[in-house]
Amino acid sequence: IRAEVYLPVTQSLLSRYQLSAIRKVYSHPQAFGQSRPWLDQHLPHAARVEVSSTAKAAELAAAENYTAAISSEVCAALYHLDVVAKDITTATDNTTRFFVLGQSSDAPTGDDKTLLMFTVDHREPGALCGALNVFAKHQINQTAINSRPSRQRQWHYMFFVEIMGHEQDHNVASALEEIKAYCLDLVVLGSYPHQSY
């Protein structure tokens with residue numbers, strides 16, 4: 001990871017039909033959650049069908065009669081759909097973060113983040129707690145933690161932890177060395193300049 005980029009997200013209702021003719025709406029669960037009040041008011045009887053992405057929703061709406069999609073205006077152009085209603089989400093500050101990928105990280109800027117991926121031995125009591133406490137010991141703030149199934153075996157998880165600091169910073173480098181005692185696997189996915197949104 002070389003950088004993080006924050007982009008505002010707006011969702012619109014896309015269709016080949018007028019609002020009164022729409023019987024089914026496709027979208028990603030997140031987009032449905034963000035636009036539920038608008039749908040309740042303007043399309044209360046339309047079926048809501050969850051799909052894997054808002055782009056997939058637009059693709060389906062372009063192919064089926066009397067359907068619509070909650071998606072971006074970019075997808076309207078891609079799938080030749082009309083924008084029936086603009087910006088139907090309730091959150092005005094909806095933002096998505098994207099990562100810029102490359103072969104290496106840039107040098108420290110003094111205001112960086114680092115993203116790690118690791119696993120711990122879940123059979124060892126306190127293994128995750130021990131790993132996370134290493135950051136506190138080295139005065140490193142954790143800004144995010146997420147887990148995903150490792151697919152190595154049941155109930156075994158990979159942890160993604162974002163911390164403040166660059167992997168070359170002395171305290172971060174020391175913490176990364178110390179945390180290895182608690183981890184089965186540890187990968188530094190990258191260090192990148194901290195961006196405000």
Per the helix-only calculation at 222 nm, which mean residue ellipticity applies to the chain, given -39500 (n - 2.57) for every DSSP H run of n ≥ 4 and division by its residues, nearest 500 deg cm²/dmol? -7500 deg cm²/dmol
Given [x] 8, 29, 28, 16, 9, 5, 3, 1, 0, 0; [y] 9, 27, 21, 21, 17, 6, 0; [z] 10, 38, 38, 14, 1, the label whose value is P(r) over Cα pairs in 10 Å bins from 0, in percent derived from this model: [y]
Sparse-neighbourhood loop hits (trypsin sites (Lys or Arg not before Pro), region 116-197; DSSP loop; Cβ within 10 Å at most 12 others) -> 123, 151, 153
Inter-label distance, nm, simple model (7 Å from Cα along the C-beta direction), residue 53/residue 92: 3.1
Give me, ordered by chain and number, the residues 5 or more places off residue 25 or on other chains with an amide H under 5 Å from its own placed amide H. 47, 48, 49, 68
Selection of chymotrypsin sites (Phe, Trp or Tyr not before Pro), region 133-180, meeting DSSP coil and at most 10 other Cβ within 10 Å: 155
Rounded to whole Hz and in sequence order, give me ³J(HN,Hα) for region 98-108 from the Karplus expression 6.51 cos²θ - 1.76 cosθ + 1.60, θ = phi - 60°, writing x for Gly and Pro. 10, 9, 9, 9, x, 7, 8, 9, 7, 5, x
Karplus couplings for region 168-176 from phi (6.51 cos²θ - 1.76 cosθ + 1.60, θ = phi - 60°), rounded to Hz, Gly and Pro as x? 8, 5, 4, 5, 5, 4, 5, 5, 5
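Here, each number is a calculation from the coordinates, and none is a lab measurement. For clarity, every value in this text was computed on a predicted model and none was experimentally measured. Ideal geometry is used to build each Cβ from the backbone, glycine not excepted, and the neighbour counts take in all protein chains shown.
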